[in-house]
Amino acid sequence: MHHQENRAILLVTCQDKPGIVSAISTLLFHHHANIVQSDQYSTDPEHGRFFMRVEFEWEESKANFQSIQEALKQIAQEYAFTYKIEKANRKKQMAIFVSKENHCLSEILWKWKAGELYADIPLVISNHKDAQEEVESYGIPFYHIPATKENRKEAEEQAIQLLKDHQIELVVLARYMQILSSSFVSQFPERIINIHHSFLPAFIGANPYVKAFERGVKLIGATAHYVTDDLDEGPIIEQDVMRVDHRHSAKDLKIVGRNIERIALARAVQWHLDDRCIVHQNKTIVF
C-alpha cells in the first residue's frame, strides 16, 4: 500500500440497499478524489449486510480531507452506514506482548524494521526478560511485567496504563502465554490480535502440537485471530497450514508450526494496519 500524504482508506458497513456505492463515488468525484482501489462484498443482496473498502486520492489544491469527512458524515446518516476513514500516511501505534518464545516477535520486528509493517512500536511488554536484549537492539522500550496468579490484576492494570499512556491502537500477542481478563479485552475491542499455535477450531488451549501428534494429523496450521472473551474463539483473520506425516515427532511439529505461526501473525498484523479487516459478528471480511 502507498502511504502518501493525500491518500485515504474508507471502510463501510451497513444493511445492503441500492445506491450506496453510487453515493460514495459521487461524493468522492465532487471532492476531486480519484478511487485507486475499491472492493465490496454483500452477504446477501436481498436483505444482507454490505461491506466496502475504498482507497482514494484527492487533489489538495481542490479539496481537503476535512471537507471529505464532513460530507461523509452526512451521507452516512442518509444511508445509515457505519464507516471508518483513515489517512494512509498516519502510522498506527502498536504494542507487542511476548513471553519466552520470540519467533513471532522477531518476525514482526524484522518486518517493521524493513518497512513492511507501517506502524510505530512505542513499547514491548513481557512477563519474562528473555526478549529484552532483542527488543532494545531495535531501539524499542521493553517493559518487564511479571504475571502470576496472585498479581494478575495489578500486572494487567500496569499494562493497560502503559497502553493508554502511549495511545496504543493495536495490541499484538506474539505468543504471550497469559490469558487476558475480560476487562482488559473490553478496553481494546477488535484491536488485539493473537496467534494460536494450531489450526482453530481444532486443538484449542495448551500444547496443541502434542495433541496434534497424538491424533496423527497430516496438516498442521496456525491461526491469527482477534481476541474476544471466549478463549481462542475470536474472529479469525488468517490461517496457514503445512503438510506433515508420520515421520514428524511432536518436536518436529512444533518447529514446523513456529514457521507457520510467524507468517500467519505477520500477515494478520499487516492487514489490520492497512485497514483491510472488517469484523462482523464472529467473522472477518478481509479485503
- prompt: Which one of these is within 20 Å of residue 101 (Cα to Cα), out of contact with any Gly (no Cβ under 9 Å at 6 or more places or on another chain) and touching a residue at least 40 places away in the same chain (Cβ under 8 Å): 204, 145, 195, 236?
  reply: 195
statement: Being among the small types (Gly, Ala, Ser) and over 30 Å from residue 282 (Cα atoms) narrows 71, 88 down to just 71
- line: Reported set for segment 199-239 where residues are in a loop (DSSP other than H, G, I, E, B), within 18 Å of the chain's Cα centre (by Cα) and buried (at least 21 other Cβ atoms within 10 Å of the Cβ) is 199, 227, 234
- prompt: Which members of segment 240-262 meet the condition of being buried (at least 18 other Cβ atoms within 10 Å of the Cβ), touching a strand residue (DSSP E or B) at 6+ places or on another chain (Cβ under 8 Å) and touching a residue at least 40 places away in the same chain (Cβ under 8 Å)?
  reply: 253, 257, 260, 261
field: Residues of segment 79-120 classified as among the aromatic types (Phe, Trp, Tyr) and within 14 Å of the chain's Cα centre (by Cα), total
entry: 2
- prompt: Taking the stated definitions as given, is residue 96 under 22 Å from residue 127 (Cβ atoms) and not in a loop (DSSP other than H, G, I, E, B)?
  reply: yes
task: Taking residue 35 as the residue in question, decide whether it is over 21 Å from the mean Cα position of the chain (by Cα), β-branched (Val, Ile, Thr) and surrounded by 15 or more Cβ atoms within 10 Å (Cβ to Cβ).
output: no
- prompt: How many residues, within segment 131-158, are under 23 Å from the mean Cα position of the chain (by Cα) and assigned to a strand (DSSP E or B)?
  reply: 2
task: Would you be able to say whether some residue in segment 65-88 is assigned to a loop (DSSP other than H, G, I, E, B) and not hydrophobic (A, V, I, L, M, F, W, C)?
output: no
- request: Kindly provide the set of residues from segment 240-266 that are of a type outside the set (A, V, I, L, M, F, W, C) and either part of a loop (DSSP other than H, G, I, E, B) or within 16 Å of residue 175 (Cβ to Cβ) (or both), ordered by number.
  value: 240, 245, 246, 247, 248, 249, 254, 257, 258, 259, 261, 262
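Values quoted throughout were computed directly from the atomic coordinates according to the rules given, and no laboratory measurement underlies them. Quantities reported herein were computed from a predicted structural model and do not represent experimental measurements. Positions of Cβ are backbone-derived with ideal geometry, glycine not excepted, and every protein chain shown enters the neighbour counts.
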